[in-house]
Amino acid sequence: QVQLVESGGGLVQPGGSLRLSCAASRSDSSITIMGWFRQAPGGQRELVASIFRSGLTNYGDAVKGRFTVTRNNANNTVWLQMTALKPEDTAVYYCHAYELARDYWGQGTQVTVSP
């Protein structure tokens, strides 16, 4: 079992920046993929960014060029640096991990982009 704990959400103005963090409960686990999804009110959960242990990254089209995902393999921590935020980035952001054919999710952290 892997538990994920997120932090860093909040309210930010359009054009601003925010950094999300997610730490896995087990540092001895070789988690294959870590990343972030988001879900806006009335919308479906969508990929924001993911990163493999190798460092290979994948981004959703809506955030390419604005968001950056990084991770520390030694302690299974992943970060999401968000810049040039837009009101349409408003959503609950969920940390995600994939290990041994299982998906794990954090509890979610709210990001609100508003004047």
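The values are calculated or read from the model by the stated rules, or taken from the named source; none is laboratory data. Values in this document were obtained by computation on a predicted structure and should not be read as measured data. Counting neighbours? That spans all protein chains shown, and the Cβs are built from the backbone with ideal geometry, glycine included. Ligands, DNA and RNA are stripped out before the accessible areas are found, and what is left, the full protein with its side chains, is counted by its heavy atoms. Shrake-Rupley method; radii C 1.70, N 1.55, O 1.52, S 1.80 Å.
A few notes on this one:
- Odd one out for Arg102, checked against (1) open to solvent by 50 Å² or more (accessible area, probe 1.4 Å); (2) touching a strand residue (DSSP E or B) at 6+ places or on another chain (Cβ under 9 Å): (2)
- Test for Arg53: is it in contact (Cβ under 8 Å) with a residue 24 or more places away in the chain, on the phi < 0 side of the Ramachandran plot and of a type in the set (D, E, K, R): no
- Qualifying positions in the range 5-24 - in a loop (DSSP other than H, G, I, E, B), within 16 Å of the chain's Cα centre (by Cα) and polar (S, T, N, Q): Ser17
- Filtering the range 81-102 to residues that are out of contact with any Phe, Trp or Tyr (no Cβ under 8 Å at 6 or more places or on another chain), assigned to a strand (DSSP E or B) and at pLDDT below 95 leaves Glu99, Arg102.
- Candidate set: the range 31-45, residues that are in a loop (DSSP other than H, G, I, E, B) and closer than 14 Å to Tyr98 by Cβ; chosen: the one least open to solvent (accessible area, probe 1.4 Å): Ile31
- Within the set Val2, Val63, Val78, Val48, the sole residue that is touching a strand residue (DSSP E or B) at 6+ places or on another chain (Cβ under 9 Å), under 26 Å from Ser114 (Cα atoms) and part of a loop (DSSP other than H, G, I, E, B) turns out to be Val63.
- Residues satisfying the stated conditions in the range 66-91, i.e. aliphatic (A, V, I, L, M) and surrounded by 13 or more Cβ atoms within 10 Å (Cβ to Cβ): Val69, Val78, Leu80, Met82, Ala84, Leu85, Ala91
- Selection within the range 5-30: residues that are of a type in the set (D, E, K, R) and open to solvent by 40 Å² or more (accessible area, probe 1.4 Å). The member of this set that is nearest to Val113 (Cα to Cα) is Arg19.
- Test: residue in the range 71-79 that is farther than 19 Å from Gly8 by Cβ and over 12 Å from the mean Cα position of the chain (by Cα): yes
- Verdict on Ala62 being out of contact with any helix residue (DSSP H, G or I) (no Cβ under 9 Å at 6 or more places or on another chain), among the aliphatic types (A, V, I, L, M), open to solvent by 20 Å² or more (accessible area, probe 1.4 Å) and free of Cβ contacts under 8 Å to residues at least 60 places away in the same chain: no
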